[in-house]
Amino acid sequence: MVQIRRMENEDAAAVSEVLCSCYRWLAERERYTPEQAAFLLQKRGSEETVRAESREELYLVACVDGTLAGMVSVGGSEVTKLYVEPSRHGQGIGSELFAAAESAIREAGSDRMLLGTTPGTVPFYESMGMAVAGRRRPTGGPFTDRDVVIMEKRLSGAGVLLTESADEWPR
Ligand SMILES: CC(C)(COP(=O)(O)OP(=O)(O)OC[C@H]1O[C@@H](n2cnc3c(N)ncnc32)[C@H](O)[C@@H]1OP(=O)(O)O)[C@@H](O)C(=O)NCCC(=O)NCCS
């Protein structure tokens, strides 16, 4: 059974390990250059970065039988990271993490959620109800040769209901 909870300080090393496993898997699949892979493994996935970012953003982790198997981070209306340990892909963990991120964004009062991802992951996010909103290239860092797919999901809430009732005003 998957348990989703807030990341705690003691989880930082395990989150870093999951991220680095995913980055190695992604680097092979996407044929990243050695410079790109090193950036992900040494900088993005480091325990130091995890600790620093988790002070700024909401970090949630997924545990299966007490083992940390995935993570999602949320900053404002954006899902900034969503990663599941490669040996556990396809077991529903990513869907549960996505749903938890969506709930957090909804509860914070936002009427949409956003993220940037690699083209290979678009079908997963489409199955979560997201749609491609555009593409862009990073302007700095080692990934300026790669397209980032921007995806968006409108969250139905009070704003949508009010708009609908306004269409037939007065009632
Ligand atoms: C994308 C990711 C988070 C999905 O997590 P997961 O736990 O494997 O996903 P789930 O098991 O919840 O799958 C949900 C559905 O999406 C589908 N799916 C998952 N990954 C997919 C992919 N890469 N392409 C197409 N479909 C995918 C599953 O088949 C499943 O469909 P189903 O419900 O009809 O069976 C995970 O594969 C991952 O961490 N990938 C590496 C990180 C990555 O690529 N991140 C993007 C870079 S920003």
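Only the coordinates and a few stated rules stand behind these numbers; no lab work does. These numbers were taken from a predicted model, which means no experiment stands behind them. Cβ: placed from backbone, ideal geometry, glycine included. Neighbour counts: every protein chain shown.
When Leu97, Leu19 are screened for being under 24 Å from Ile150 (Cβ atoms), buried (at least 19 other Cβ atoms within 10 Å of the Cβ), in contact with a helix residue (DSSP H, G or I) (Cβ under 9 Å, 6 or more places away or on another chain) and aliphatic (A, V, I, L, M), only Leu19 passes. Of all residues in the stretch 117-129, those that are charged (D, E, K, R) have Cβ atoms under 9 Å from Cβ atoms of residues that are more than 8 Å from the ligand (Cβ to nearest atom) and not in a helix (DSSP H, G or I), 6 or more apart or on another chain, in Glu126/Val132; Glu126/Met151.
When you go through Gly76, Gly70, Gly92, Gly66 one by one, which is the residue that is over 22 Å from Asp145 (Cα atoms), within 13 Å of the chain's Cα centre (by Cα) and surrounded by fewer than 17 Cβ atoms within 10 Å (Cβ to Cβ)?
Numbers: Gly70 fails: surrounded by fewer than 17 Cβ atoms within 10 Å (Cβ to Cβ); Gly92 fails: within 13 Å of the chain's Cα centre (by Cα); Gly66 fails: within 13 Å of the chain's Cα centre (by Cα).
Checking each option against the conditions leaves just Gly76.
In the stretch 87-115, the residues that are more than 9 Å from the ligand (Cβ to nearest atom) reach residues that are of a type in the set (Lys, Arg) with C-beta atoms within less than 6 angstrom, at least six apart or across chains, in these pairs: Arg112/Arg154; Met113/Lys153. Examine the stretch 37-57 for a residue that is free of Cβ contacts under 8 Å to residues at least 12 places away in the same chain and under 22 Å from Pro119 (Cα atoms), and state whether such a residue exists. For the stretch 37-57, residues free of Cβ contacts under 8 Å to residues at least 12 places away in the same chain and under 22 Å from Pro119 (Cα atoms): present.
Only one of the listed residues (Val50, Val72) is among the β-branched types (Val, Ile, Thr), touching a helix residue (DSSP H, G or I) at 6+ places or on another chain (Cβ under 9 Å) and within 11 Å of Ser16 (Cα to Cα). That residue is Val50. For the stretch 117-127, how many residues are near the ligand (Cβ under 7 Å from one of its atoms) and either assigned to a loop (DSSP other than H, G, I, E, B) or out of contact with any Lys or Arg (no Cβ under 7 Å at 6 or more places or on another chain) (or both)? Counting residues in the stretch 117-127 that are near the ligand (Cβ under 7 Å from one of its atoms) and either assigned to a loop (DSSP other than H, G, I, E, B) or out of contact with any Lys or Arg (no Cβ under 7 Å at 6 or more places or on another chain) (or both) gives 6.
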